1. Do we find a residue being within 14 Å of chain B (Cβ to nearest Cβ), more than 24 Å from A:I45 (Cβ to Cβ), open to solvent by less than 20 Å² (accessible area, probe 1.4 Å) and not in a loop (DSSP other than H, G, I, E, B) anywhere in region A:201-217?
2. Filter region A:186-197 down to the residues that are open to solvent by less than 20 Å² (accessible area, probe 1.4 Å) and at negative phi and list them by number.
3. Among the residues of region B:147-169, are any touching a Cys at 6+ places or on another chain (Cβ under 7 Å), away from chain A (no Cβ under 14 Å) and either assigned to a helix (DSSP H, G or I) or within 16 Å of ligand 2 (Cβ to nearest atom) (or both)?
4. Within region B:77-107, track down each residue that is part of a loop (DSSP other than H, G, I, E, B) and open to solvent by 60 Å² or more (accessible area, probe 1.4 Å).
5. Could you tell me which residue of region B:184-207 is surrounded by the fewest Cβ atoms within 10 Å (Cβ to Cβ), considering only residues that are in contact (Cβ under 8 Å) with a residue 60 or more places away in the chain and within 12 Å of another protein chain (Cβ to nearest Cβ)?
6. Filter region A:177-200 for residues that are assigned to a helix (DSSP H, G or I) and aliphatic (A, V, I, L, M); which is farthest from A:V114 (Cα to Cα)?
7. Any residue that is within 16 Å of ligand 1 (Cβ to nearest atom), within 14 Å of another protein chain (Cβ to nearest Cβ) and crowded, with 16+ Cβ neighbours inside 10 Å - is there at least one of those in region A:53-70?
8. Condition test on B:N171, is it open to solvent by 10 Å² or more (accessible area, probe 1.4 Å) and out of contact with any strand residue (DSSP E or B) (no Cβ under 6 Å at 6 or more places or on another chain)?
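The values are calculated or read from the model by the stated rules, or taken from the named source; none is laboratory data. Worth saying up front: this structure is predicted, and the values here are computed from it rather than measured. Cβ placement follows ideal geometry from the backbone for every residue including glycine, while neighbour counts extend to all protein chains displayed. Only protein heavy atoms, including side chains, enter the accessible area calculation; ligands, DNA and RNA are left aside. Shrake-Rupley method; radii C 1.70, N 1.55, O 1.52, S 1.80 Å.
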Amino acid sequence: MLLLNFFRSSIGLKIIMALTGLALFGFTVGHMVGNLQIFLPKEHINAYAAFLQSQKELLWGVRIGLLVMVVLHIWAAIKLTAMNAAARPVGYNDPGKSATKATLASRTMIVSGVIVLIFIIFHILHFTVGSVQPQFYGLHDEAGRHDVYRMVIEGFRNPFISGFYVISVVLLGFHLSHGLSSMFRSVGLTSPAWRKPQELFAAAFSGIIVVGMAIVPIAIVIRLINPTF
Amino acid sequence: MKITLRIWRQKNASAPGGFDEFPMDHISEDMSFLEVLDQVNEKLITDGKEPVAFDHDCREGICGTCSMMIDGTAHGPDKGVTACQTHMRTFADNSIITVEPWRAKAFPLIKDLVVDRSAFDRIIQAGGFVSVNTGGTPDANAIPISKVDADAAMDAAACIGCGACVAACKNGSPMLFVSAKVGQLARLPQGKTERYARVLNMVEAMEKEGFGSCTNTNSCEAVCPKEISASFIGALNREYFIATLKGKPVESAAGGG
Ligand code: HEM
Ligand code: FES
């Protein structure tokens, strides 16, 4: 009963939101580091991808885990957003001004979140399912491995695709610039002394994610990485 | 100085409302904001019209009654003060000042700028009692309490329950208020005995009132006339989590108020 109350309360939902958000963030950092292998010779990222594909149990464990995290995160987001929208039936004369000192990122979490969700779906269709640019998907390298290197590079040479990735990643960074400091408070792991360091952590890591992720499509579209196939 | 007040007028909760403009001349910079509202009302009364209803009592920033949005900011643009402590020198000459009531489902409008904030009273009631010894006046320092805890409890105790945190929050969340009350009593020896039941009951009461949830935007602490830190909200979340793990100790004693 008490536990049920907890998960129904706004505080419980925020704790779910924070923990699932943290898990997604952890994955994002790992993913970013993996992506940066695009700057190395093609053997590296193709071998890495082949290694991941060979660990079927692990791969599907992580995929299912991430799916559960995303679903819980969005479920809590929808419940809380509906609750918040209902809490002020009659608005202010100037609603933007009345939310004193609230950052733009903190006021638009649901917007940045929904765009990130659209991006995640597009991204899975693009590089995991292969249905966005099927002409670059089924290729293999000399060693007979899935040619991820070529798929990524040919894909990002399209400025619309790389542009969409860059915009989405900036919005993810925007989402995290608030989320990563908010989560400490949501789970209660904060104090006045820790507040500034945690805000710095959020600013630093959202910046690192944006740079580390966006640099790949940018480097390819400006032909900084420019192999011939 | 010369100013124009644009005040929200609404006869009752179900009547339609709208802004009325009141141009005011010969306003002294040293007048308080409420004194200007008094002048508006004197004029309205002389003209045989209905005066603007607004809440006020102490007029020195301690009772928390004077609830109003002044130019989009709860309690007006001055930091760390209530509406009654706001002076006209804060505003530029010839400015148009918009005055609105707190907007929240949990604070239903009664008339003009007056809203019903008894939701806060019900949350306080749900907090129950504090165990203290009766009898003679206790000796000073008979109960040891660390300076850190005493200071933090004192900071939280500054809350006057005005509702500005709810009013400013984009989600209409009362978490700064609840966290101040929980934070104050959980830190003091006199309140520690019931701390876990208290936080569970107060949060349960809070959820029933139709407030929004906290998304840590920090608007609350920016407008709080007592400048209570939003870090108390983190402590409330922690307290609530631990209390959930511990379970409710005395189911009925502290429950319900
Ligand atoms: C890679 C994907 C994502 C990551 C890494 C992520 C991360 C986070 C983090 C760390 C938080 C902070 C939790 C807290 O405030 O305590 C958060 C909050 C939030 N997220 Fe996400 N999120 C992601 C995707 C999404 C999506 C797809 C949505 C929307 C459908 C979404 C909506 C929200 C909302 C509404 C909040 C609460 C905002 C607030 O606390 O002010 N997020 N997210
Ligand atoms: S009238 Fe008491 S605080 Fe303003």
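1. The answer is yes; a qualifying residue exists.
2. A:S186, A:T190, listed by residue number.
3. yes
4. Those that are part of a loop (DSSP other than H, G, I, E, B) and open to solvent by 60 Å² or more (accessible area, probe 1.4 Å): B:P77, B:D78, B:K79, B:A92, B:D93, B:N94, B:K105.
5. B:E204
6. Among residues in region A:177-200 that are assigned to a helix (DSSP H, G or I) and aliphatic (A, V, I, L, M), the one farthest from A:V114 (Cα to Cα) is A:A193.
7. No, because not a single residue in region A:53-70 is within 16 Å of ligand 1 (Cβ to nearest atom), within 14 Å of another protein chain (Cβ to nearest Cβ) and crowded, with 16+ Cβ neighbours inside 10 Å.
8. For B:N171, the condition - open to solvent by 10 Å² or more (accessible area, probe 1.4 Å) and out of contact with any strand residue (DSSP E or B) (no Cβ under 6 Å at 6 or more places or on another chain) - is not met.
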